[in-house]
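Data block below; observations after.
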Amino acid sequence: MKAYHDQHFLTDPHAVDRIADLEDVRGKRVLEIGPGNGALTRALLDRGAFVHAIELDGNLCEELADTFSSEIARGQLTVQHGDATRCEFPPFEITVSNLPYSASSKITFRLLQAGFSVGVLMYQSEFADRMVAKAGTKDCGRLSIMVQTYAAVQLCFRLPPQCFSPKPQVHSTVVKLFPREPIFPINDRHLYADVVRALFSHRRKTVRNGLKGSVGSMLSPVWVERAIAALPDEILQSRPEALYLEDFATIANIP
C-alpha cells in the first residue's frame, strides 16, 4: 500500500507478531485505530479476532476494503472511514492499535472514557515514557497523572525506526493499558481533569499560585477561593510535579 499524509507503516513481520501476541484476541471484538497498510489487521484476523478498524485516510479505506474483501463479506472485519479523535466508537473489548502520534493523547483519553478490558497501543517512545512517569517526580506531567488515574500502564517493548516504512525519526514503544477505577475516590471527574490541567499549565508555580492563575480560564473564582482556604499548606506550597494521585483527588474533591 502507498503511504499518505506522511504515515509510517509497520512493516517488520516479527514486530507485528509480537504486538498481536501480547493479548489473546480470539473471538474478541477488537478496535484497531489507524490500520494503515493492514499488516496488524491481518495478524489480528489470523488470530481469530473480530476487528473494527477506523482509518482517517479514505484512500487507505478503499485499499483495505479491496485487500480484506472476503473477511468483510463474512463479518470478521469492518472498515470505518472516520477520525478517531471525534467519531463514535463501536462496542469493543480490546483495542490493538498503532496510534497516530499527533493525536495519541486525545485518542487515549477517548478510549479510557469508552471502557474496555485491555489495550495494546503503540506510541512514540517519549510519549510512552511520560505516561509511566511516577507521580511526585520531575518527569511527571498532566499526561502521567490523567492516564495513571484511570489505568495501570505497562511498557512492553521498543521498536526502532527500521520497523517502519518510511522510517520515522523516533523510536516507538508498545504499551499495555489496563483500565480501572481511580485508586482514590473522585467526586467530579470533569473538575478533576480541569484541576490537573490548570496546575500543570502553571507547573513552575506553587499549587496556590497555579490555582489563582487559572481563575476564569479553567476554574471558577468561587471554587478556587474555597479550595485555597480548605487545603493544607503542605499541598498549597508544593509544585504540581511533587504531588501524588491522592493529592490531586484531595484538591478536586473540595466542595
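Bear in mind that the values in this text are calculations on the coordinates, not laboratory data. Quantities reported herein were computed from a predicted structural model and do not represent experimental measurements. Cβ coordinates were reconstructed from backbone atoms using ideal geometry, including for glycine residues, and neighbour counts include every protein chain displayed.
Highest mobility in the GNM of the chain, judged by mean-square fluctuation with C-alpha springs under 10 Å and restricted to Ala198, Ala230, Ala49, is found for Ala230. Proximity of backbone amide H atoms, modeled 1.01 Å from N, is registered between Cys140 and no other residue at under 5 Å, excluding neighbours fewer than 5 places apart on the same chain.
The alpha-carbon of Lys138 sits under 28 angstrom from the alpha-carbons of these lysines, leaving out residues fewer than 8 places away in its chain: Lys106, Lys176, Lys205, Lys212.
Out of Met146, Met122, Met218, any idea which swings most in a Gaussian network model of the chain, alpha carbons joined below 10 Å? Fluctuation is largest for Met218.
Can you list the residues, at least 5 places off or on another chain, whose amide H is less than 5 Å from the amide H of Asn37, using H built in the peptide plane? Under 5 Å from the amide H of Asn37: Leu10.
Gain on full extension, evaluated as 0.36 nm per residue between Phe178 and Glu88 minus their Cα-Cα distance, stands at 30.3 nm.
Shown is the FRET efficiency for Lys134 and Ala229, computed with R0 = 41 Å from the Cβ-Cβ distance and rounded to the nearest 0.05: 0.85. Once both labels are positioned 7 Å from their Cα atoms along Cα-to-Cβ, the gap between Asp21 and Lys167 label points is 2.6 nm.
Ordered by the count of other Cβ atoms within 10 Å of each Cβ, fewest first, Ser220, Ser238 give Ser220, Ser238.
Going by neighbour counts of Cβ atoms within 10 Å, the residues Phe68, Phe184 line up, fewest first, as Phe184, Phe68. Annotation: amide H of Ala152 within the under-5 Å range of Phe178, Arg180, sequence separation 5 or more or interchain, hydrogens built in the peptide plane.
Can you give me the C-alpha center-to-center distance between the stretch 22-86 and the stretch 145-209, rounded to a whole angstrom? Here the two parts' Cα centres lie 26 Å apart.
A P(r) calculated from all alpha carbon pairs of the chain, with 10 Å bins opening at zero, reads 7, 29, 30, 19, 12, 4, 0 percent.
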